[in-house]
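The values are calculated or read from the model by the stated rules, or taken from the named source; none is laboratory data. Worth saying up front: this structure is predicted, and the values here are computed from it rather than measured. Counting neighbours? That spans all protein chains shown, and the Cβs are built from the backbone with ideal geometry, glycine included. These accessible areas exclude ligands, DNA and RNA; they are computed on the full protein's heavy atoms, side chains included. Shrake-Rupley method; radii C 1.70, N 1.55, O 1.52, S 1.80 Å.
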Amino acid sequence: MLSRNIRSRYTVMLLILLCFTVLPLTPPAFLSADPGTGLTAAPPVVPDNQETRRLLEQTLSSAEIEQEITRINAEQSALEQQAGLLEKKASAQKNAITDQQERAGAIIRSYYMGERDGLLAAVLSAKSISRLLALYDYYEIVIGRDQDILSQYEKEYKKLKATLAAAQRSSQELAELKTLLEEQKARVAILNENIESGIQSSGDPARMSALLEEFTKYWENIGIHEVKTYFKALSSAMKHLPQFVQSRDGLLTRKGMTYNLALKEEDLNGFLVSQNPLFQDFAFHFNNNEVTASGKSGGLSMTLTGHYTIQEEPVNGLMFHVDHVLFNGLELPDTTRKALEEEFDLGFYPEKIVSFLRATEVSSADGVLHVKLSLSF
């Protein structure tokens with residue numbers, strides 16, 4: 001019995017030693033962006049080769065356009081459902097007002113043909129006050145009923161027109177979406193053709209294919225989120241820029257009925273750092289009617305290029321348009337730029353400085369953003 005216990009202890013000790021020998025004491029030294037992807041947090045090394053960079057940009061564009069196609073398909077399905085509901089609603093409204101339309105038409109005809117004149121003549125020809133009052137009450141009831149029918153018909157007709165207009169807009173949007181969808185499908189097909197051709201003509205197709213796949217995964221799991229993090233931080237900071245301009249002496253000057261805002265890039269960069277430490281390694285530059293912003297964090301780098309224009313509706317302001325975005329030196333596709341511009345508002349609204357100010361001109365040069373503002377009452 002004792003020898004059996006001793007053998008059991010030896011067996012347990014051997015198993016423990018075996019576990020320490022075979023299994024690592026620390027986990028693998030990489031951060032997985034998504035469980036199961038095996039994707040490291042460090043970005044793939046982009047070779048300094050023109051053809052490879054071109055293939056990477058095309059692969060990035062293809063992946064982003066595929067996302068755009070998915071979004072368009074979802075929007076198209078929603079619009080098709082909306083258009084169908086609007087058509088059904090319009091049809092039901094048409095049926096509902098058919099009777100009202102006939103009654104309203106009969107009333108209008110009666111007025112046009114003078115049929116209500118006889119009723120008024122009867123009131124005016126009454127021989128006594130009591131008869132006059134009785135006929136007048138009856139006349140008011142008839143006329144009031146006519147007005148109610150006409151008013152109800154007008155209200156229902158306006159509702160029908162609004163529904164038909166909404167259905168028409170949905171149909172037009174649907175047609176535009178279908179055209180856009182076909183264009184994007186054609187674009188992605190051409191891109192995929194070029195990518196496949198580039199892979200096959202490279203010195204090592206298997207290695208090139210693996211690089212493109214790794215970069216695509218990195219972009220979808222980490223890259224796009226990093227880019228959006230900067231855009232979100234910028235959008236949040238820009239909401240507080242009017243208060244900064246108002247509190248900073250010398251930025252806003254007045255000459256008669258005109259104000260001039262001269263925002264230096266060092267002032268803007270200092271403001272951004274005060275809003276978010278993320279901008280410590282990120283800086284804006286104002287060139288000849290062009291705005292650039294660039295930053296680097298670890299193995300990630302981003303360069304944003306754009307310009308400002310004056311917007312009048314729905315509210316006056318300086319709207320920022322994204323012309324180029326470079327992620328780790330690679331140009332992001334137009335679909336991504338458009339999506340970022342729509343999702344994040346980087347605009348500047350003068351009315352938040354003073355309610356009666358509106359922007360009329362904007363330009364940038366030699367490190368300064370110039371905005372001309374006028375009074376608007």
**Study point:** Some residue of the stretch 301-313 being on the phi > 0 side of the Ramachandran plot and of a type outside the set (A, V, I, L, M, F, W, C)
**Key:** no
Exercise for review: Look at the stretch 329-377 and say how many of its residues are closer than 20 Å to Arg248 by Cα and open to solvent by less than 30 Å² (accessible area, probe 1.4 Å).
Suggested key: 13
Revision key, fill the gap. Pairs returned, first residue in the stretch 63-87 that is over 24 Å from Thr163 (Cβ atoms), second residue that is of a type in the set (Asp, Glu), beta-carbon separation under 6 angstrom, 6 or more apart or interchain, are none
Practice item. Could you list all residues from the stretch 30-57 that are modelled with pLDDT of 80 or more and buried (at least 16 other Cβ atoms within 10 Å of the Cβ)? Key: Thr52, Leu55, Leu56, Glu57
Check your understanding: Of everything in the stretch 235-263 that's assigned to a helix (DSSP H, G or I) and out of contact with any strand residue (DSSP E or B) (no Cβ under 8 Å at 6 or more places or on another chain), which residue is surrounded by the fewest Cβ atoms within 10 Å (Cβ to Cβ)?
Key -> Ser247
Practice item. Could you list all residues from the stretch 58-88 that are open to solvent by less than 30 Å² (accessible area, probe 1.4 Å) and of a type in the set (Val, Ile, Thr)? Key: Thr59, Ile65, Ile69, Ile72
Check your understanding: Hey, does the stretch 215-234 have a residue that's surrounded by fewer than 19 Cβ atoms within 10 Å (Cβ to Cβ) and small (Gly, Ala, Ser)?
Key -> yes
Point to revise | Hits in the stretch 339-377 (condition: under 28 Å from Val227 (Cβ atoms), among the aromatic types (Phe, Trp, Tyr) and in contact with a strand residue (DSSP E or B) (Cβ under 7 Å, 6 or more places away or on another chain)) | key: Phe348, Tyr349
Revision key, fill the gap. Selection from the stretch 349-377 of residues in contact (Cβ under 8 Å) with a residue 60 or more places away in the chain and in contact with a helix residue (DSSP H, G or I) (Cβ under 6 Å, 6 or more places away or on another chain) yields Lys352, Ile353, Leu357, Gly367, Leu373
Review point. So, in the stretch 164-180, of the ones that are touching a residue at least 24 places away in the same chain (Cβ under 8 Å) and of a type in the set (A, V, I, L, M), which residue ends up most open to solvent (accessible area, probe 1.4 Å)?
Key: Leu164
Exercise for review: Please identify the pairs in which a residue from the stretch 193-219 that is under 11 Å from Leu55 (Cβ atoms) and assigned to a helix (DSSP H, G or I) has its Cβ atom under 9 Å from the Cβ atom of a residue that is open to solvent by 80 Å² or more (accessible area, probe 1.4 Å) and of a type in the set (Asp, Glu), counting only partners at least 6 apart or on another chain.
Suggested key: Gly198/Glu51; Ser201/Glu51
Exercise for review: Could you identify the single residue in Thr292, Thr303, Thr309 that is closer than 13 Å to Phe231 by Cα, of a type in the set (Ser, Thr, Tyr) and either at pLDDT 90 or above or not in a strand (DSSP E or B) (or both)?
Suggested key: Thr303
Point to revise | Check on Glu183, open to solvent by less than 90 Å² (accessible area, probe 1.4 Å) and acidic (Asp, Glu) | key: no
